[in-house]
Amino acid sequence: MATESYDAYREDVIGRANVADTDALRAYYAELKHVHAGALWTVANKIEPWEPKSESVPVVWRYADLREKVLRSIDLVTPEQAGRRVIYLENPGRSEVVAAVGWLYSGLQVMHPGELASSHRHSASALRFIMEGEGAYTNVDGHKMTLGANDFVLTPNGTWHEHGVREDGTPCIWQDGLDIPLMNALEAGFYEVHPELQQAVTYAVDDSTLHWGNPGLRPAGSDWSKRYSPLFKYEWGPTYEALQRFARASDGSPFDGIHMDYVNPATGGAVMATIGASIQMLRPGEHTKAHRQVGSFLYQCCKGSGHSIINGQRLDWQERDIFCVPSWMFHEHVNASASDDACLFAFHDLPVMKALGLYREQALGENDGHQPIVS
Ligand code: 1HN
């Protein structure tokens with residue numbers, strides 16, 4: 001049976017709830033509502049879709065639109081007043097929860113030279129991807145790290161963390177990513193401020209990278225058993241070099257080009273329990289095939305330019321633009337340049353989907369794997 005007629009068949013013939021309203025039923029529903037109850041057949045089709053139907057919509061947040069506004073917040077509020085000076089990204093499909101896509105939050109945080117944000121910890125897992133500026137640093141459970149453009153940093157759930165920018169630095173902007181909406185949906189979120197404004201630096205600066213950031217090597221006899229990576233900072237230099245080395249030996253993925261996951265070096269698994277991250281390189285002129293996955297994705301273009309087609313909608317992006325792919329939407333990526341590569345950083349909730357046995361992916365079977373552009 002062709003897909004189209006099967007869809008029609010299941011809606012019309014085996015479609016679950018199909019009860020027409022009558023005066024008697026309307027009165028009955030009102031009676032049920034009065035005692036805090038309802039008839040399942042009035043909501044069944046909505047709460048049990050045949051397949052994931054995201055309320056989030058594909059969005060591109062252009063840095064050209066956001067950067068000036070983000071910098072202006074420096075003059076409007078201090079980190080002391082704001083706690084964190086962050087402009088969050090909103091998804092028009094679900095502005096009632098502060099989420100950029102699905103159950104993932106994202107925002108752009110800005111700090112001026114000499115500023116310091118106070119230390120805290122929470123149930124939410126967080127990450128930063130550095131967009132611009134010199135002199136930023138963060139301290140995660142006493143591990144102080146220096147941060148440069150395109151570095152990827154973890155602040156796993158439960159770790160004390162604070163950030164700052166050196167006096168002799170420049171204004172710094174980074175993308176924050178958190179699973180805050182998921183924590184709130186699960187009603188599982190705690191939040192604590194550090195008894196002192198700033199926690200002590202208890203290890204050598206950048207010690208986590210020096211211990212755990214060596215390719216193919218780990219400290220002998222190490223017994224790391226936490227649910228997150230002991231490597232807190234993934235520097236851009238070795239990351240970009242790894243993409244180029246991989247590209248010399250592989251054609252990459254038909255869906256994602258030269259695509260590598262950031263991993264916990266102690267386990268080879270995702271960097272945190274709820275959030276995973278990856279980096280991909282699209283070679284000059286590369287146009288990937290479309291597929292869809294159960295899970296939500298936030299991408300940042302960290303090099304080059306191009307566009308993605310998400311459920312038939314074309315979103316153009318260039319360096320520092322952020323865009324989202326909602327769950328179960330077909331997506332394909334294009335590097336428009338004939339001479340330069342394009343790189344996309346992404347974080348996602350696949351560790352949650354995989355841990356719960358919910359992950360699926362599907363290639364677009366028709367039209368040689370490419371979607372028609374509808375908008
Ligand atoms: C948070 O802790 C930070 O530590 C940034 O910089 C953004 C958004 C919601 C909740 C906690 C940070 C956040 C956040």
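Any read-out appearing in this document is the output of simple, stated calculations on the displayed coordinates, not a laboratory observation. A quick note: this is a predicted structure, and the numbers were derived from the prediction, not measured. A quick note on method: Cβ atoms are made from the backbone with ideal geometry, for glycine too, and the neighbour counts reach across all protein chains shown.
Side notes on the structure shown:
- The stretch 143-219: mean projected area of Cα convex hull, nm²: 7.5
- Per-residue Karplus couplings for the stretch 225-230, computed as 6.51 cos²θ - 1.76 cosθ + 1.60 with θ equal to phi - 60°, are listed in order as 10, 6, 7, 9, 5, x Hz, Gly and Pro entered as x.
- Sparse packing (at most 10 other Cβ atoms within 10 Å of the Cβ) combined with a DSSP loop state is found for none of the chymotrypsin sites (Phe, Trp or Tyr not before Pro) in the stretch 281-375.
- Cα long-axis angle, helix 63-76 against the chain (0 to 90 degrees, to the nearest 10): 60
- Counted charge near residue 286, where neighbours are those whose Cβ lies closer than 13 Å (Asp, Glu -1; Lys, Arg +1): -3
- FRET efficiency, residue 96 to residue 210 (Cβ-Cβ, R0 56 Å, nearest 0.05): 0.80
- The C-alpha atoms of the chain define a longest principal axis, and helix 3-12 lies at about 60 degrees to it.
- Building the convex hull from the alpha-carbon atoms of the chain and averaging its projection over directions returns 23.8 nm².
- Cα extents of the stretch 170-255 along the three principal axes, largest first (Å): 50, 37, 35
- Helix 23-34 axis, angle to the chain major axis (alpha carbon atoms, nearest 10°): 30
- Proximity of backbone amide H atoms, modeled 1.01 Å from N, is registered between residue 136 and 147, 166 at under 5 Å, excluding neighbours fewer than 5 places apart on the same chain.
- Applying Stokes-Einstein at 10 °C and 1.306 mPa s to the Kirkwood radius of the stretch 16-153, computed over alpha-carbon pairs, gives a translational diffusion coefficient of 82 µm² s⁻¹.
- Shape of the stretch 283-325 from the C-alpha gyration tensor: oblate (a/c of 1.5 or more and a/b not above b/c, with a ≥ b ≥ c the square roots of its eigenvalues).
- Under the Karplus curve 6.51 cos²θ - 1.76 cosθ + 1.60, θ = phi - 60°, whole-Hz ³J(HN,Hα) for the stretch 272-284, x wherever Gly or Pro sits: 9, 5, 10, 10, x, 8, 8, 10, 9, 10, 9, 6, x
- Neighbour-count order for 314, 292, fewest beta carbons within 10 angstrom listed first: 314, 292
- Share of Cα-Cα pairs in the stretch 209-297 lying beyond 15 Å, as whole percent: 65
- Among 160, 174, sorting on how many other beta-carbon atoms sit within 10 Å of each Cβ, with the fewest leading, yields 160, 174.
- Stokes-Einstein diffusion for the stretch 42-121 at 25 °C, viscosity 0.890 mPa s, with a Kirkwood radius from C-alpha pairs, works out to 161 µm²/s.
- Distances between placed amide hydrogens fall under 5 Å for residue 61 paired with 322, 323, all partners being 5 or more residues away or on another chain.
- Debye equation applied to the C-alpha atoms of the stretch 218-375, log10 I(q)/I(0) at 0.09 Å⁻¹: -0.31
- The string of couplings for the stretch 106-114 from the Karplus curve (6.51, -1.76, 1.60, θ = phi - 60°) is 8, x, 10, 9, 10, 9, 8, x, x Hz, one whole number per residue in order, with x for Gly and Pro.
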